[in-house]
Each structure stands twice: as C-alpha cells, then as structure tokens.
1. Just the residues that are of a type in the set (A, V, I, L, M) and assigned to a loop (DSSP other than H, G, I, E, B), please, taken from the range 407-450.
2. Restricting the range 305-331 to residues that are at pLDDT below 95 and in contact with a Ser or Thr (Cβ under 9 Å, 6 or more places away or on another chain), which is nearest to F211 (Cα to Cα)?
3. F472 versus (1) closer than 28 Å to L392 by Cβ; (2) in a helix (DSSP H, G or I): which is the lone unmet condition?
4. Of all residues being under 22 Å from L496 (Cα atoms) and touching a residue at least 60 places away in the same chain (Cβ under 8 Å) in the range 295-329, which is surrounded by the fewest Cβ atoms within 10 Å (Cβ to Cβ)? Just the residue, please.
5. Does R45 qualify as being closer than 20 Å to M429 by Cα, at pLDDT 95 or above, of a type in the set (K, R) and not assigned by TED's automatic domain parsing to the domain that holds S416?
6. Say whether the condition of being closer than 28 Å to L10 by Cβ and within 21 Å of the chain's Cα centre (by Cα) is met by at least one residue in the range 132-142.
7. Between residues in the range 471-484 that are in the same structural domain as G514 (by TED's automatic domain parsing) and residues that are in a loop (DSSP other than H, G, I, E, B) and small (G, A, S), which pairs lie under 6 Å by C-beta distance while being six or more apart or on different chains?
Amino acid sequence: MSSARPGDALLLAAAALLLALSLFGRLSHPLLWSDEADTAVFAERVLDYGYPRVHGEKNVSYQFGTDIAHGVKESLDAYIGTTWAQFYTAAPAAAWARLSDDPYERTRRLRLPFAAAGALAIAAALWAVWPALGARGSSQLRFAAAHLALAALSVSLVLHLREVRYHALLALEVALLCGLALRREVFGTLSAGRYAVAQALVLFALFHTFFPACFAFAALLAARGLWQRGARRAAPSGHLAAALLAALLVAPFALFFETFSVAARSARELGLTPARHASNLLWVLGHLARHELLLPALGARAAAALWAERGARTRSSALLLYLSAGYAALACANPLVYERYFVPLGPLLILSFLLDLGALWPRAPLRAALVAAAIAALALRAPELAGRARELREPVRGPLDFAVAHLRARHPEPASLVIATNYEEQVLMYYLGSHVIIGLAGNNLLRDRALSPDVVIPRRRWSRQLPELERFLRGGHFALTRLPVEDTRFNQVPALSQSELLPETHRFATAATGDPELQLEVYERAP
C-alpha cells in the first residue's frame, strides 16, 4: 500500500462507515418477525437442551406443516426441517439477551452476530478477488471502496444480512467458496489437494447452513472439474475431488437430518414443472435486475469478453458469473423460491462488474457506458434508499411491537398467560414467555382446543387457523382493544420483491392507522 494516496484511504473509510451505518443501524427495531423468532426460540432450546428441540416446557415450535412427524427426529424430538448452523450461531446471543428485560435490547443482541457475519461476508467477497487487483495500492483501495459502497447501497442485501436467520452465514460461506475456487483456478496459489480439503470443509459448512446451496455448489464445482478434465486434458483442478470429499463428510448428517426424504416429500407436495422452474427463474432475474447489479454486470462481462485481454480480472469475473448463474438456475428448482435464497449473489455481481470495469477502464467509451449503466441501476433503488435512510432516523415498529408492549403493560407476569394466535406465535413465545397455542401450522390442535386462552390475537391477513380463534372468541367473554397500528401480514420482513409467496414486502415506516377496520385487535378475557 506504499503507493496509496491519502485521499483513497479516506474514500475507503467513508465507504466502510456508510456500510456500517446501514448494516448495524437500528438493529433493535422492529422486534423479530416470524422466521427470526423461530431462530430465537430454537436458540433458547439449544441453551436449555443442547439442540433445537421441538417441544419446550410450554410451547411447541414447529412451522413445517400440520404433520409434526414430518421434519422432526422423533427419537430426540429434534427439529430437522432445516439444518442447525443458524440456531447454534444465535445461541450465545440468546444467552446474552436473557440478561436484559428490554425487548428491544434483546433484539439488538440477537441481531448483532448476524450483522457481524454479514460484514464478514462482504469483506470475504473482497478477499476472494484481492489477488486479481495487482500490487498498486491506490487501485486496490479504490476497488475496495467501490465494493463496500455498492454493498451499502444494496438495500435488499443489507436488510437480509441483519436478520436472525441463515442469510449472512450463507453469504459468508459462498464468498469463501468463491475465494478458494479463484485461488486454485485463476491465481494458482493453492495445490489441488489443499484446495479440495479446504473447499470440502466450506461445502460441509454450507450443508449445515442451507443444504440446497451445498448441493448446488457441489454440483457446479463437480461439473466444472469434469469439463476441464475432458476439454483440456489437464491435471485435476481439485473441483471434483472437493465435491466428492464433501459428499463423504455430509453423508452421515444427511442421514440424520433425513434430508432427501424431507426434500422429496416437500417436492411431491408442492410440485415442480418446467413452467414453474422457468417462472421462478424469471422472477429471480427480475429481482436481481431491480435490486442488484445484474444488468451492469452482464453488460460488463460481455464487453470484457469482446474487448478486454484475458487477465486475472476477467477470468475471475467469468468464474464468479458461472457460479452465480449456476446457483440461480439450480436454486430455482425448488418449487418455493424466496428472495432470501439469493442473498449471496449480490456481492458476487458487484465484484464481477467492478472487475470487468477495471479491465475495460482504458477504453473510455465502454467505461462511460458501464458507469452510466451502474448509475441507472442505482437510480432504480431511489425509493428503498430513501426508505432505508428514513428507518435509520425513525425507528419502525410492527404490529407485534404494539401487542408485546400492550401485554407487558397490562400483565405484570406475561409468562403466566395463555395466548391464542394464528401467525408469528414464536414472537410472543420469545418476548413474553407465554404459553402460545394454535399457531400457523396448527399441529397441536387437539390439545390446544381444550385450553381457555387468556388472550386472543387474530391476524386477519392469515386465513389459516382463523376459525379456531373465532371459536375461542364465541365461547368466552373477551374485552377488545384495538391498537393504533395496521394488522399487516408480517411484523416485518426484509424482502423487497413481491411475489405470490410474499404479497407484502418490507415496510420502511410504522404502519400506524386510526382506521378500526385495519387495526390490530387484541382480545383479553374479561373477569
């Protein structure tokens, strides 16, 4: 860095500060939503039992469906609907959170390690391509500053990296996987044997974080290794060996988690047709074009393929786009496609664009066109950038923020309550310690119907199990309180792209309302 100019160092510091503000700002607000609370509850089960047990002292935590035998290791009463990295990552934070009675402080402590993992993911993505940047200090600093700034301006990326869920861990592991692949194939700094062992360990970690990503990237590496061996007749790249070694490491855990039977059953129930796969892929491409740098990255890659010399930058960009495109295509084979599955692709698209832009920099017309394309892509994000700035200034509260505050104020010992609700039941379990019944899945209805809830919170946007709550209300005397907030579908959700699976997206402001028809209703049993 001896050739770096002070101005470049200041530019990097400013970009890092912008990213830190966007990533770590307002971690305490709003309170957790359904998926995050699911992680928090299972993290507490890890503290209490050593593993994510389905049945706790009071509550059943299980959202996999009405059949509780599907996704549960019955011999241990262990949840196997997902693998467990996120729960063990959250467990130390859950222990720290237990030391505070303030719901917002507990939320901040839970989200902090995931936001930190998100920061590491963005740094690891930069590490992945660092050798391609050469030894020029100022050039490296400017590249790093651009990478951090573009990551900070990706609102979709930042919002997912803050969640108490697996997304930040997935982004970190994918960045490490790409870095290892580049060091073996492009930079030549890893032997085939060392690479295979290191990559297999990353794939093993991916399995425990989000197993579809493990299988997708293992398949992509194996396919690339086979193609290279056949096309070039060269020495083994290590890709195939890494995939095979990872398969050996993963196999006993796949048996424990019943991964293939759970996945096969879900696939049968949900169904996947070629039309569905194509629809999923189009939706994902639309999301990446709207909220990430897909189009500028593709334009830069095409231009670099035509006009740039084949150096470390362009070869690195090509490998990153291969892994990104392959993962997108394979992940869309899941009948249920969510924005969160594709969080790791944001940093990879940023890197691909910047690498090719750097290779094309001497060509002024191309440079100007690509910079204009990037500016246009950022301009499309103006609404969410303004929204992100607003929610950093003014903390957002969801409907359950109001419900939790209301019940804590009205009931000195909320842990003694029996609460019936039909969605985000884990939020109430976590913050109030109450016995929460019915829930979205309704997998304990026979026992729950025999109880008399003290509180009923119907979430009107969810029709599932709503009749069960109405039956309670018809059978008892309840006093109604309408809270001055809209009964939105989610307490909060990070996703920005709407779909049939996610009809409501992230809200950048509290959905306060005075309309009683829209307000969240809380029914408390009258004396």
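1. Those that are of a type in the set (A, V, I, L, M) and assigned to a loop (DSSP other than H, G, I, E, B): L417, L440, A441, A450.
2. Ranking the candidates gives A305 first.
3. Of the numbered conditions (1) closer than 28 Å to L392 by Cβ; (2) in a helix (DSSP H, G or I), the odd one out for F472 is (1).
4. Looking at residues that are under 22 Å from L496 (Cα atoms) and touching a residue at least 60 places away in the same chain (Cβ under 8 Å), I get L295.
5. yes
6. no
7. Cβ pairs passing all conditions: H477/A526; A479/A526.
Residue-by-condition table, conditions (1) without any contact (Cβ under 8 Å) to a residue 12 or more places away in the chain; (2) touching a strand residue (DSSP E or B) at 6+ places or on another chain (Cβ under 6 Å); (3) surrounded by fewer than 21 Cβ atoms within 10 Å (Cβ to Cβ):
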| position | (1), (2), (3) |
| --- | --- |
| P383 | yes, no, yes |
| Y423 | no, no, no |
| G433 | no, no, yes |
| V436 | no, yes, no |
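The values are calculated or read from the model by the stated rules, or taken from the named source; none is laboratory data. Since the model is a prediction, treat every value here as computed from it, not as a measurement. Positions of Cβ are backbone-derived with ideal geometry, glycine not excepted, and every protein chain shown enters the neighbour counts.
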